[in-house]
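Before any comments, here is the structure.
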Amino acid sequence: MLIAGEASGDLLAAELVSALRAQSPDAKFIGAGGAKMSAAGVELAFDMTKHAVVGFTDVLKNYFKFQRLFNQLRALAIERKPDAVIGVDYGGFNLHFGRTIKELTRYDYSDWNPKIIQFVSPQVWASRPGRADSLARNYDLLLSIFPFEKKWYAKRVPNLKVEFVGHPMIDRVGRSRGNEAQTKSEPPHVGSYKILLLPGSRKSELQKHSWVILSALKLIQEKLPNLKAKMVLPNEELAKTVSIELELIEKLDSAFNSGQVFRKPEIQIGNLPDALAQADVAIASTGTVTMECAFFGVPTVTLYKTSWLTYEIGKRLVTVNSLTMPNLMAGEEVYPEFIQDAATPENISRAALELLQNEPRRIKIKSQLEKIVSSLGEPGAANRAAAAILSLFK
């Protein structure tokens, strides 16, 4: 049984299913996820990726819906009694589910003893480290995609089995292609700057980020009239959300006669690797996508905005000094980062212009990114993850 709640987890779970089937051809798969898991042969109870949210307030608003989905998956697990329950990323939901299944099998269903596995560590090292103790009590295996995590867990909860399997991105786009992008250090041509806009993969993120990013783009266009901009979104539904923002900006331009006319970015659905391979600079929400930018050696300005309540709670829980993974892995600011009130169009546009026009800074960033990517392991992450899961049954 696999559960993935977001587009990135859906892809990761589909890759894992393919690897598990290759090593155990008779395996059967059930759970909740998205289109990629379904295509890989998982019997889905429902499409979990349609319900992706971020932040405390969004979770609270959807509490009863998530409780209903949770109960539906709990009932499915009890009915089908899978040999393994695998949470794929989506830590808040999956850690609660894994703990619930473990407690059920300790008491009510003692004849059923599934292995409980989490693929991609929840960021307990960044906030609420006490969750590591819950992982150690309830999980048989944690599969990590970042090298520093295994050492962190070994120090905090040495009885938890943790395997670093490498980063799946290396298989998806190929190390050679990534290295080629990283070592390409020549400056962009002034007449053809290309900027990539990556506001997020959830509707709630788009609602917070797209207006800020598009307003920053307008400011950059005033300085660089020949700039080419592209926004990559995972699906058509999110593209419709952005279209509303684009129309509003155009109407404001027209109403205020602002001089420099805003030029809409090209909207692309999917195929992010090709867009990254062509980009000179990106503006991206903090999260998984910043590692994809790093892999392609793209200097990036990162941002994150959320509700006031979520931010106030989060800043009291988060113990790391950056929300951008390449910065955390490097131990310094590689990507300029703007959080909450600091994430203004003025700050973001200024940082993006500096990345475009400062060649020594670009070269330094590319060198830092190359070191980060080289630490992410060799190809074969899904195969190693599958082997580690199956080894639990030997």
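Each value in this text was obtained by applying a stated rule to the coordinates, not by laboratory testing. The structure presented is a predicted model; accordingly, all values stated were derived computationally and were not measured. Heads up, the Cβs are rebuilt from the backbone with ideal geometry, glycines too, and the neighbour counts pull from every protein chain shown.
A compact table of results
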quantity: Alpha-carbon spread of the chain, three principal axes, descending order, Å; calculated: 72, 42, 40
quantity: Descending semi-axes in Å of the stretch 254-371, equivalent ellipsoid built from Cα gyration tensor; calculated: 24, 22, 14
quantity: The chain - percent relative contact order, Cα under 8 Å, separation 6 or more; calculated: 17
quantity: Ranked 292, 312, criterion: other C-beta atoms within 10 Å, fewest first; calculated: 312, 292
quantity: Cα-Cα separations in the stretch 175-374 greater than 24 Å, expressed as whole percent; calculated: 38
quantity: Acute angle (nearest 10 degrees) that the helix 63-80 long axis makes with the longest principal axis of the chain, alpha-carbon atoms; calculated: 40
quantity: Taking 319, 324 and counting other C-beta atoms within 10 Å, the order from fewest to most; calculated: 319, 324
quantity: Between helix 203-223 and the chain: long-axis angle, C-alpha atoms, 0 to 90°, nearest 10; calculated: 20
quantity: Span from the the stretch 194-247 Cα centroid across to the the stretch 79-104 one, whole angstrom; calculated: 36
quantity: Over the stretch 1-151: Kirkwood hydrodynamic radius from C-alpha pairwise inverse distances, Å; calculated: 15.7
quantity: Inter-label distance, nm, simple model (7 Å from Cα along the C-beta direction), residue 268/residue 65; calculated: 3.0
quantity: Computed [θ] at 222 nm, helices only, for the chain once each DSSP H run of length n ≥ 4 contributes -39500 (n - 2.57); calculated: -16000 deg cm²/dmol
quantity: Length-normalised contact order for the stretch 237-394 - Cα pairs under 8 Å, 6+ apart - percent; calculated: 21
quantity: GNM result for the chain, Cα springs below 10 Å: residue of 309, 73, 353 fluctuating most strongly; calculated: 309
quantity: Where only alpha carbons of the stretch 101-140 are counted, the Rg and the Dmax (Å); calculated: 12.0, 37
